[in-house]
Amino acid sequence: MGYTMKDASVSPSHLLGAEKGELQMLRRNGRLDRLFSGSTFFFAVTVLVLLGAIMVTLFISGWPAFSELGASFFTGTRWAANVNDFGILPAVYGTLVTSFIAILVAVPISFGIAIFLTELCPVFLRRPLGTMVELLAGVPSIIYGMWGMEVLAPFLQRHLPDVFPAGTGLTTAGLILAVMIIPFITAITRDVMVTVPPMLRESAYGLGCTTWEVVRNVVFPSVRAGMVGGVILGLGRALGETMAVTFVIGNNLFYKATVTGQGTSIAALIANQFPEADGLQRSALLALGFLLFVITFIVLAIARLMLRRMDRSKA
Amino acid sequence: MHANSSIYQRRKLLNRVIMTACISAAAFGIAWLLMIVASLLYKGIPGLSLELFTERTRMSGGGLGNAILGSLVMTAIATVLGSIIGVAAGTWLSEYGDRSKLASTIRFINDVLLSAPSIIIGLFIYAMMVLPMGHFSGWAGSVALAVLIIPVVIRSTEDMLRLVPGSLREAASALGAHRWWVVVRVCYSGARTGIITGILLGCARISGETAPLLFTALNSNQWNFFDMGSEMPNLPMTLYQNMTINSFLPEQVQLAWAGALILTLAVLLLNIFARLMSSRRDKA
């Protein structure tokens, strides 16, 4: 360590004693530090840019439809490409009905499965069944759609021909959506239910509560926000789901279709007409996409806020 | 005494009714899901053959070789692209942004994008890339899939980096390591398996996505050897087209079910593999 007067004289006073090589290394590492934090920051901000770009791009490409059709775009009940008349109500109606049916069917079943998994299931079955539920949440949605078209729709048509004359329709689509979001809601509900401290559970049992009373009065109240968040997350998925729905909804553009009749949804309409559309029709479909994004954004934001509140109260 | 026991009886009865309902819900749900798997096997297995992997799609049936190759290529490019951006962004959120206002905004937006409808991403890339370029392309498909995988990777990277104890970072800093060195050598090596698990799960998710490819990569029944500038054949779109516009041909439907079986198996295997990796980490 031969510090010489010469070395000390070139280094700034606060680095007194550092050699030239060490100084160089310090500077290089400083630069790398800035480069590293700068580039990671750049990519993190990409997320915000992405959201902005999606909003702006869809709005701009949908603008011709908004400006040319005006209010009739939102209140029109007819979507007819041949006369350039585009009203979104048939699609919005279909989206709302199918999602509502899906939630109605999926929520009780998912909660039932979650209660079964956390309270009743023998311990040795808990892990395999839980894993199975999680794996099923990962099955691609097109598989559910194909199954709905080839198995569920013909089944409904054969056994309930009065209710489901075509087999396909809004209710069939709602049922397929329900099958699709059951694993999803179940997984979230189970995850929040196991966060309840065993001490709380055991004290309630100690007071003589039945299993149902423990679930109702101890488990549910402490994880309510998380459960509602999970359900809304499932709703967000149902609202924007395309492939599972397109196969079984019937793709019929009539407004006020009966609940079991054929209809269409926003996502199904886009998937069906976009490949052959251009001009105003394409713009109208992009505008519809913008609308779907705004709706799901609001729904998902609410869900995330509820789940986050849950996280915070847990911490 | 009598009143008490009747209340007791009623509570017990209610409990029994609801627990039976729960068990039947579980049985019902699981049976329903098993039914899907069973029909997938039942309809898919007869279509399995070697030609499925070596032949291209034809009107008379053929195979799915070109679609599988195209899907692999696009998914691989999307995964690499998305992992670079996702890991970097996740690193910033965990190591630099932490509790700042900007970081929590990004985190929130990312959580929302995580479950945004994939068809919207398809429309977005269509308007951003396909319209200006004037034609569908494999690149557009890859970018759309990358946009879908980014939020998944960001989320898991951040979560995994947070599991690395702060004392490790402090120890490295105390030894004189620079910040970037601490992150790269200490945090990344601690969180490596977790981050890879996240990437694999994201990869499983995008490999089954159909809606975003509808307006970006489209589909084709030709072989496409890495020509990313033109339409790219892919498995999900082939299933979609074979089940809709080509569904009048029984060979096409048969092909679609075989493809569905392959796709589901691939996705499930990726999921299981990712899970095994993370459970090995838990044990270690």
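The values are calculated or read from the model by the stated rules, or taken from the named source; none is laboratory data. This is a predicted model, so every value here is computed, not measured. Here the Cβ is made from the backbone with ideal geometry for all residues, glycine too, and neighbour counts use every protein chain on show. These accessible areas exclude ligands, DNA and RNA; they are computed on the full protein's heavy atoms, side chains included. Shrake-Rupley method; radii C 1.70, N 1.55, O 1.52, S 1.80 Å.
Brief remarks on what is shown
- Amide H contacts of residue A:85 (H built 1.01 Å from N, in plane; Pro and chain starts excluded): A:80 sit under 5 Å, all sequence-distant by 5 or more or on other chains.
- Using a probe of 1.4 angstrom and keeping all protein chains present, the accessible surface of chain B works out to 45 square angstrom per residue.
- Dipole of the range A:184-304, positive end: most advanced residue of A:268, A:203, A:228 [Cβ charges, Cα centre]: A:203
- Debye intensity ratio I(q)/I(0), log10, the range A:85-214, q values 0.10, 0.11, 0.15, 0.22 Å⁻¹ (C-alpha model): -0.46, -0.54, -0.83, -1.26
- Cβ neighbours within 10 Å from other chains - mean over A:52-59: 4
- Carbon/sulfur fraction of accessible area - the protein assembly as shown, other protein chains in place, 1.4 Å, %: 67 percent
- Under the Karplus curve 6.51 cos²θ - 1.76 cosθ + 1.60, θ = phi - 60°, whole-Hz ³J(HN,Hα) for the range A:269-286, x wherever Gly or Pro sits: 4, 4, 4, 6, 9, 4, x, 9, 8, 8, x, 5, 5, 5, 4, 5, 5, 5
- Here the simple spin-label model places points 7 Å from the Cα toward Cβ, and for residue A:100 and residue A:53 these points are separated by 3.8 nm.
- Computed 3J(HN,Hα) for the range B:191-204, one whole-Hz value per residue from the Karplus formula 6.51 cos²θ - 1.76 cosθ + 1.60 where θ = phi - 60°, is 9, 4, 4, x, 5, 5, 4, x, 5, 5, 5, x, 4, 4, glycine and proline marked x.
- Dipole in debye (nearest 20) - the protein assembly as shown, about Cα centre, beta carbon charges: Lys, Arg +1; Asp, Glu -1: 1860 debye
- Summed over the residues of chain A and divided among them, the accessible surface reaches 45 Å² per residue at a probe radius of 1.4 Å.
- Total accessible area lost when B and A pair, probe 1.4 Å, Å² to nearest 100: 7300 Å²
- Of the residues in the range B:10-29, those shielded by at least 40 Å² of accessible area once partner protein chains are present, compared with the chain alone at a 1.4 Å probe, are B:11, B:15, B:18, B:19, B:22, B:25, B:26.
- Pair residue B:104, residue B:222: separation of 7 Å Cα→Cβ label points (nm): 5.5 nm
- Here, P(r) means the percent of Cα pairs in each 10 Å bin from 0 to the largest distance; for the protein assembly as shown it is 3, 15, 24, 25, 17, 9, 4, 2, 1, 0, 0.
- Residue among A:58, A:160, A:286 with the largest mean-square fluctuation in a Gaussian network model of chain A, springs linking Cα atoms under 10 Å: A:160
- For the peptide B:85-98, the mean number of other protein chain Cβ atoms found within 10 angstrom of a residue's Cβ is 5.
- Fluctuation leader among A:271, A:114, A:173 - chain A, Gaussian network, Cα springs under 10 angstrom: A:271
- Counting, for every residue in A:292-305, the Cβ atoms of other protein chains within 10 Å of its Cβ and taking the mean gives 4.
- Cα shape, chain A, gyration tensor, a/c 1.5 rule: oblate
- Karplus (6.51, -1.76, 1.60) ³J(HN,Hα), θ = phi - 60°, over the range B:19-34, in Hz, Gly and Pro reported as x: 5, 4, 4, 4, 5, 5, 4, 5, 4, 4, x, 5, 4, 4, 5, 5
- Anisotropy class of the range B:1-151 from Cα gyration tensor, a/c 1.5 cut: oblate
- Contact residues in the range B:174-217 (at least 50 Å² less accessible area with all protein chains than alone, 1.4 Å probe): B:178, B:180.
- From largest to smallest, the equivalent ellipsoid semi-axes obtained for chain B from the alpha-carbon gyration tensor read 38, 35, 18 Å.
- Dipole of the range B:51-283 [Lys/Arg +1, Asp/Glu -1 at C-beta], most positive-end residue of B:269, B:219, B:240: B:269
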